[in-house]
1. Would you kindly find the accessible area of residue 46, with a 1.4 Å probe and non-protein molecules such as ligands, DNA and RNA excluded, rounding to the nearest 10 Å²?
2. Per residue, how much accessible area does the chain have with a 1.4 Å probe, in Å²?
3. Leaving out ligands, DNA and RNA, what percent of the accessible area of region 1-65 is carbon and sulfur, probe 1.4 Å?
4. Restricted to Cα positions, what overall size does the chain have along the principal axes? Three whole-Å values, descending.
5. Going by alpha carbons, how many degrees (0 to 90, nearest 10) lie between the helix axis of 2-88 and the longest principal axis of the chain?
Amino acid sequence: CDQLLVNGRQRGDVQREKEREERRVAEISQNLERYKREIGNCQTASKEMREEEARLEGQHDKFMEEAEKAERQARLAEEEAARLEREAGPSFDAEGRARFQFL
């Protein structure tokens with residue numbers, strides 16, 4: 001009779017331990033699913049950032065080319081202005097101050 005009680009208690013203990021382990025497994029499984037989603041989100045964000053970086057690098061290169069072209073044009077315009085000033089030579093106003101004429 002005592003053995004039946006002992007066996008019954010052991011069975012109850014084993015059942016509670018089994019239920020506790022099943023809850024733990026379910027919790028770990030939920031955490032694993034959440035981690036998988038977070039990894040997917042991070043991978044997506046990383047891909048989007050790489051695409052944005054490539055787009056911004058393309059814009060940077062384009063703007064640098066435009067700036068270099070504008071600098072070349074400004075330099076040519078300054079050289080042309082200096083040449084025209086040299087060709088025109090100075091003229092003088094009523095007070096005798098040198099003044100440049102542009103054709």
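The values are calculated or read from the model by the stated rules, or taken from the named source; none is laboratory data. Fair warning: this is a prediction, and the values are worked out from it, not measured in the lab. Heads up: the accessible areas ignore ligands, DNA and RNA and are worked out on the full protein's heavy atoms, side chains in. Shrake-Rupley method; radii C 1.70, N 1.55, O 1.52, S 1.80 Å.
1. Solvent-accessible area, nearest 10 Å²: 50 Å².
2. 94
3. It is 54 percent, rounded to a whole number.
4. That gives 135, 26, 12 Å along the principal axes, largest extent first.
5. Approximately 0 degrees, to the nearest ten.
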